[in-house]
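Bear in mind these aren't lab numbers, they're just calculated from the coordinates by the rules spelled out. All values derive from a computational prediction rather than experimental measurement. Here Cβ is always computed from backbone atoms with ideal geometry, including for glycine, and neighbour counts include all displayed protein chains.
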Amino acid sequence: MINIFYWSPCLEKVGTYKSTINSVLSMGKYSKKIISVSVINTCGEWEDERKLLEKNNVNLIDIGFKFFNYLPKSGYLGSRLSYICIAIISFFPLIKLLIKKKPDFFVSHLLTSVPFIIFNFLRFKTKLILRISGFPKLTILRKILWKFCSKKVFKVTFPSIELLNQLSKLDIFLKEQLVFLPDPIINLKEYLIKKKSSKNNLKNPTNKNFFISAGRLTRQKNFSYLITEFKKFSDVNTKFDLLIFGRGEEKEKLEDLIQNLNLSERVYLMGYTEYIYEYMRKSEAFILSSLWEDPGHVIIEAAFNNSFVISSNCKNGPSEFLQYGKAGILFENDKNDSLFEALEIFTSKKFEFKSKKFLLKKNSSKYSLLRHHNIFRDVFLN
C-alpha cells in the first residue's frame with residue numbers, strides 16, 4: 001500500500017482548498033486498493049470535512065490543538081499572521097509525524113517553505129511534491145532558499161502550462177522536476193447532485209437577461225472594475241443586468257460604488273448561493289474580472305455548465321483555458337473601456353460566440369477528478 005500525506009492548511013474555502021479536497025477524493029475513489037490517502041489536520045482547518053473524507057477512504061490526521069476558529073482569515077495582514085502562526089506551531093509536530101509514519105509521498109499545497117526546510121535538514125525516504133499556483137513573489141532570500149533546497153524536492157506541480165514555463169526560466173528546479181497537473185475541479189458526482197438541487201431554485205431579482213460573476217469580494221477579484229465597466233455598458237444597453245455572487249471584506253465598498261453609479265436596479269450583490277450552477281446555465285455569459293488567477297476554477301465550472309466566458313487576460317491561467325481567445329473573449333483588466341468593449345462585441349455577435357460553448361465544455365472536462373488522478377498515478381507512482 002502506497003501512503004500519501006497531504007499538507008494544505010487553508011484558511012478559507014477557496015481554489016486551493018477545493019484542489020486539495022478533490023485531489024484526495026480522487027485518490028481515495030480510484031485507487032483505494034493500492035493507495036492510502038491522509039490529510040494533515042494542522043489546527044482544525046479540515047474538521048468540517050471529516051465525515052466526507054472518512055466516507056471516501058481518506059484519513060484525517062490531527063497533529064495539534066484545534067485553534068483554527070480563532071485565527072483571523074481575511075485581510076492581507078490577518079491572513080499572513082495566521083499562516084506564520086500555523087507554520088511555527090506545526091513545524092515540530094510535522095517532523096514527528098514524518099518520522100513516525102514514514103509516508104511514501106508528502107504533497108504540499110500551501111506553506112511550501114515549511115516542508116522545504118524540514119526535508120532539507122532532515123533525511124527522509126518520503127518523496128516531497130510541491131504544488132505551486134500563482135507566480136510566487138521571489139525575494140532574494142526565498143530564491144536562495146528554493147535553489148538550496150530544490151534537490152530535496154521530488155516533483156513540483158503546476159495547474160497551468162503557462163505558470164510552469166514561467167518558473168522553468170528562473171533556473172531553480174530541473175526541468176524533469178516540473179510537472180503540469182490540472183487541478184481536479186470537476187467532481188461529476190458533486191456536479192450532478194448540485195445540478196439536481198439547483199434546478200428551479202433560481203431567484204432572479206430582475207426580469208431581464210443577465211450576466212453573472214462570482215468569487216470572494218476581495219481586491220483580487222477586481223469587482224470594482226467590473227461594476228465601473230458595466231456602468232458604461234448599461235448606459236447604452238438596457239437589456240442586461242449583472243448579478244455578482246460571493247461574500248467578502250469589500251462588500252460595503254462595492255455597495256457604495258453601486259449606489260454612487262446609480263446601478264441599484266442594474267447590478268445586484270447576491271451573496272452566497274448553493275445554486276450557482278443554475279445561474280451559470282441561465283446567464284448570458286460568465287465574467288471573470290480578476291487581477292490574477294491560477295487558472296480560475298470558477299470559469300472552468302461555468303464552462304462545464306454551458307456558460308460562455310468573458311475573462312480578464314490576467315496571469316497564469318484564464319487565457320490558456322480560453323485558448324488565447326479562440327474559445328472565449330479576453331479583455332485587459334488594467335485598461336479603461338476594455339471590458340465595456342468586450343461586452344459590446346459579445347452582444348453584437350452573441351449567437352456566434354455562444355456557438356463556441358462546446359469548446360469551453362470540452363476544455364473544462366480536462367479538469368476532472370479522474371484525469372487528475374490518472375496523471376498523478378502515471379507520473380508519480382510509476
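So here's what we get for this one:
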| read-out | value |
| --- | --- |
| Contour excess over end-to-end distance, with Cα ends at GLU176 and PHE67 and 0.36 nm allotted per residue | 35.3 nm |
| Filtered trypsin sites (Lys or Arg not before Pro), the stretch 273-372: DSSP coil and at most 15 other beta carbons within 10 Å | LYS326, LYS335, LYS349 |
| Filtered chymotrypsin sites (Phe, Trp or Tyr not before Pro), the stretch 211-313: DSSP coil and at most 16 other beta carbons within 10 Å | TYR272 |
| Calculated FRET efficiency for the pair LYS366/LEU122, C-beta based, R₀ 30 Å, to 0.05 | 0.20 |
| Amide H within-cut-off set for SER290, under 5 Å, with H built and near neighbours excluded | SER312 |
| Under 5 Å, built H, 5+ apart or other chain: amide partners of PHE308 | PHE286 |
| ³J(HN,Hα) computed for each position of the stretch 77-92 - Karplus, 6.51 cos²θ - 1.76 cosθ + 1.60, integer Hz, glycine/proline x | 5, x, 5, 5, 4, 5, 5, 4, 4, 4, 4, 5, 5, 8, 4, 6 |
| Hz values of 3J(HN,Hα) by residue in the stretch 289-306 - Karplus curve (6.51, -1.76, 1.60), Gly and Pro given as x | 10, 4, 7, 7, 8, 7, x, x, 4, 5, 6, 5, 5, 4, 4, 5, 9, 6 |
| Degrees separating the helix 369-380 axis from the principal Cα axis of the chain, which is the longest one | 40 degrees |
| Scaled radius of gyration (Cα, divided by 2.2 N^0.38 Å) that the stretch 189-366 gives | 0.95 |
| R0 of 45 Å, Cβ-Cβ distance LEU192-LYS239: FRET efficiency to nearest 0.05 | 0.85 |
| Paramagnetic reach from LYS251 in the stretch 260-289 [backbone N under 16 Å; point 7 Å along Cα→Cβ] | 268-274 |
| Three-way shape label, the stretch 293-346, alpha-carbon gyration tensor, a/c 1.5 | oblate |
| Per-residue HN-Hα couplings for the stretch 213-219 [Karplus 6.51, -1.76, 1.60; θ = phi - 60°; Hz; x = Gly/Pro] | 9, 8, x, 5, 7, 10, 4 |
| Part-to-part distance (alpha-carbon centres) for the stretch 34-84 and the stretch 200-243, which is given in Å | 34 Å |
| Debye-sum result for the chain in log10 I(q)/I(0), which assumes one identical scatterer on each alpha carbon, at q = 0.06 Å⁻¹ | -0.24 |
| Candidate lysines for bridging to LYS169, where Cα separation is under 19 Å - those fewer than 8 sequence places away on the same chain excluded | LYS137, LYS143, LYS147, LYS151, LYS155, LYS315 |
| Residue of ILE140, ILE21, ILE34 that the Gaussian network model of the chain assigns the largest fluctuation, springs spanning Cα pairs under 10 Å | ILE140 |
| GLU249 long-range amide H proximity, modeled H, under 5 Å | LEU217 |
